[in-house]
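First the structure, in the form of structure tokens, and then the observations on it.
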Amino acid sequence: MNKLFFAFLLLFVTGSLAFATESSIEDYQQLKSALVEKYSGITPREWGERVTGVTTHINGKGKRIALTFDACGGKRGSGFDKVLIEYLEKEHIPATLFINGRWIEANMETFKQLAANPLFEIENHGYSHRPASVNGKSKYGIRGTRNVGELVDEIELNARRILELTGKKPNFYRSGTAYYDEVAVKIAKNLGEGVAGFSVLGDAGATYTKEQVKKALLTAKPGDIIICHMNQPHSGTAQGVMDAIPELKKRGYVFVRLSDQ
């Protein structure tokens, strides 16, 4: 990627000429080149949602569980489940929001409001919602990043966009589809982000009915990370979550963000 192309890419991602300075371009290129040199030629041995290095649980002391919601972006994934988020706000339920770069650009004002709300922490769901691969593996018909360089762009460009908009760089990364190879997980950690998986499949990509969502959430045990979606307002996710949370509270569960450990 030459300097001019990268400058235009940074401008497209960030919307800011100031961000695409000569210094920032040089720094990014050096970071990317170092990781390409370090990891190119290494063949992954694992592929999946729970490969080595992926965090699937939090500290469950005190019956804590973590609600996480993905916003995937794209033509069919840039909606906003306002009912869900307003319920979390009303009930003071903290959550971790994994937000994709495409969703940010389609929902800029909403994104800024979410980022300003201390109930929520904003984390990285990638720039273009790609599975995290160093050799182009695919999942659910979505081709993964083809090499180390593409993976660095997928993680770091969205992280820097979030940093520019919120003043905080993400602490956690979850790939599109939540699939990884173990080399990709190491690269994410080199970029300063833990890789957040899950232990409870809450809505199966927002395809579950409200009854299925409720049933899934009620299987939670102390320390579980629940994955759901906040970008499909016509799904059963919101109602299922709203039906499950009162019961989980009765069982003594406390909701925390991933960073609350």
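The values are calculated or read from the model by the stated rules, or taken from the named source; none is laboratory data. Note that the structure is predicted; figures quoted are calculated from it, not measured. Note that we place each Cβ from the backbone using ideal geometry, even for glycine, and neighbour counts take in every protein chain shown. Ligands, DNA and RNA are stripped out before the accessible areas are found, and what is left, the full protein with its side chains, is counted by its heavy atoms. Shrake-Rupley method; radii C 1.70, N 1.55, O 1.52, S 1.80 Å.
For this structure, a couple of remarks:
- Virtual paramagnetic centre 7 Å along Cα→Cβ of Leu163, amide N under 18 Å, in the stretch 243-261: none
- Accessible area in the full protein assembly, largest first, 1.4 Å probe, for Lys221, Lys112: Lys221, Lys112
- Secondary structure note: in the chain, about 15% of the DSSP beta bridges are antiparallel.
- Residues in the chain average 45 Å² of solvent-accessible surface per residue, probe 1.4 Å, ligands and nucleic acids excluded.
- Hydrodynamic radius by Kirkwood, which averages 1/r over all alpha carbon pairs of the chain, in angstrom: 18.6 Å
- Protein accessible area in the stretch 81-152, 1.4 Å probe - carbon and sulfur %: 49 percent
- When the inverse distances between all different Cα atoms of the stretch 88-182 are averaged and flipped, the Kirkwood radius reads 13.7 angstrom.
- Accessible area of the stretch 190-261 belonging to carbon and sulfur atoms, whole % at 1.4 Å probe: 51 percent
- Lys63 - accessible surface, heavy atoms, 1.4 Å probe, Å² rounded to 10: 80 Å²
- Distance cut-off 26 Å, percentage of C-alpha pairs in the stretch 31-152 lying past it: 35 percent
- The alpha carbons of the stretch 181-261 stretch over 39, 29, 17 Å along the principal axes, in descending order.
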